[in-house]
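Every read-out reported here was derived from the displayed coordinates using simple, explicitly stated rules and does not represent laboratory data. Since the model is a prediction, treat every value here as computed from it, not as a measurement. Using ideal geometry, Cβ is built from the backbone for each residue, glycine included, and neighbour counts are taken over all protein chains shown.
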Amino acid sequence: MAPLLDCLIVGGGPAGLTAAIYLARFHLALRIVDAGDSRAALIPLTRNHAGYPGGISGRELLRRMREQAAEFGAEVISGTIERIEWQGSAFSADLGGRALQARTILLATGVVNNRPDLAPSLHDHALARGLIRYCPICDGYEVTDKNVGVLGTHSHGCNEAIFLRMFTKNVTLIAPDSLHDLSPTERERLGGLNVRIVDGPCATLRVEHDAIVVPTPAGNIPFDTLYPALGSRIRSELAIALGARVSPDGCLLVDPHQRTSIPGLYAAGDVSKGLDQISHAMGEAGVAATTIRNDLAENGPLAR
Ligand SMILES: Cc1cc2nc3c(=O)[nH]c(=O)nc-3n(C[C@H](O)[C@H](O)[C@H](O)COP(=O)(O)OP(=O)(O)OC[C@H]3O[C@@H](n4cnc5c(N)ncnc54)[C@H](O)[C@@H]3O)c2cc1C
């Protein structure tokens, strides 16, 4: 019979690994299960994450965090948690047919960006070269005074284009699938900032020399960088199946201590409503781990 864990952490990105470091250092029994596709692993070089002058790649950051967690005995199990059930006194999580029992669960499962129409290998090549970027808060600085496209429409595309105007005068908003769906107010705001508005539908993107090319009905438009603003899939389905409350876009709603609406179930990082940033994921995970420790102690002191 598998031991009853104090906490099962689902997801080994910046949030899950931070929580693991805290919980292991509280001498709690934990496991981390990770499916291996952290958004952080896609970051060629993060320059806004404090403490790393010159920047650090997302993969190297994750490697260091795993190493740090392992120093305190927290190791990552590769795999996917497919289902979680409450069984009266503990949760049971299904890891490929194997049941993990835990008194609490921290979901740190992140989100997945919706991608533009581009072969996966070409997408990854463009991402590594900075021809495609996903996070203006993270790397808008790197496109200062460059020729930037935003692939999107509605308020999401509009807001991203306006955000990017603080870095460059040269911003074009392109509708991916059809004509733009923008309100008169949004068109006025974009026009006031000289953001060019181009209707879709767009054909498959291309990389040509140092440019990413967007084929539109108005012609092929080359950019130094393209930001897809196509939304994300929030990986909150395990919690939704348990009945947890989510925002309209599917992010888990948590209290100020990272508790979801399900007792014993906590969330941290991109999967919970907040700023999708490494620092925020780490901060939420520190709060979640300390809350988990304190909530467990409510049922009896944690003493050695
Ligand atoms: C291209 C790009 C550049 C970025 N640049 C920056 C930057 O410069 N600075 C910055 O602060 N942020 C940046 N970000 C955002 C940053 O990557 C995220 O905010 C951060 O990774 C969130 O951490 P997380 O732990 O919440 O989720 P993630 O890092 O996405 O980790 C979630 C983990 O959970 C696992 N998982 C999901 N479901 C399951 C399951 N059922 N069972 C087991 N495991 C599961 C996944 O495999 C994944 O490994 C960038 C993002 C992208 C895409």
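Relative to the longest principal axis of the Cα atoms of the chain, the long axis of helix 14-25 makes an angle of roughly 20 degrees. Ordering Trp86, Ala285, Thr172 by the projection of their Cα atoms onto the charge dipole of the chain, which places +1 on the Cβ of Lys and Arg and -1 on the Cβ of Asp and Glu, puts Ala285 at the extreme positive end. Taken about its Cα centre, the range 1-64 carries a charge dipole of roughly 200 debye when the Cβ of each Lys and Arg holds +1 and the Cβ of each Asp and Glu holds -1.
Taking every alpha carbon pair in the chain, what does the distance histogram look like in 20 angstrom bins from 0, in percent? With a bin width of 20 Å, the distribution comes to 32, 50, 18, 0. Residues whose amide H lies under 5 Å from that of Val271, counting only those 5 or more places away or on a different chain, are Thr109, Gly110; hydrogens are built 1.01 Å from N in the peptide plane. Amide H contacts for Arg83 (H built 1.01 Å from N in the peptide plane; partners 5 or more residues away or on another chain; cut-off under 5 Å): Asp94. Couplings 3J(HN,Hα) for the range 281-297, derived from phi with the Karplus relation 6.51 cos²θ - 1.76 cosθ + 1.60 (θ = phi - 60°), are 4, 5, x, 4, 5, x, 5, 4, 4, 5, 5, 4, 4, 5, 5, 4, 5 Hz, where x marks Gly and Pro.
Highest-first packing order for the peptide set 152-158, 252-258 is 152-158, 252-258, based on the mean count of other beta carbon atoms within 10 Å. Computed extension length for Arg98-Ala241: 49.6 nm, one decimal, from 0.36 nm per residue of separation with the Cα-Cα distance subtracted. Packing, as the average of other Cβ atoms within 10 Å across residues, places the peptides 228-237, 75-84, 294-303, 184-193 in the order 228-237, 75-84, 184-193, 294-303, highest first. Computed over Cα pairs, the Kirkwood radius of the range 115-228 leads via Stokes-Einstein (1.567 mPa s, 4 °C) to a diffusion coefficient of 94 µm² per second.
Phi angles across the range 165-177 convert, under the Karplus curve 6.51 cos²θ - 1.76 cosθ + 1.60 with θ = phi - 60°, into 3J(HN,Hα) values of 5, 6, 9, 8, 6, 9, 10, 10, 9, 10, 6, x, 10 Hz, Gly and Pro given as x.
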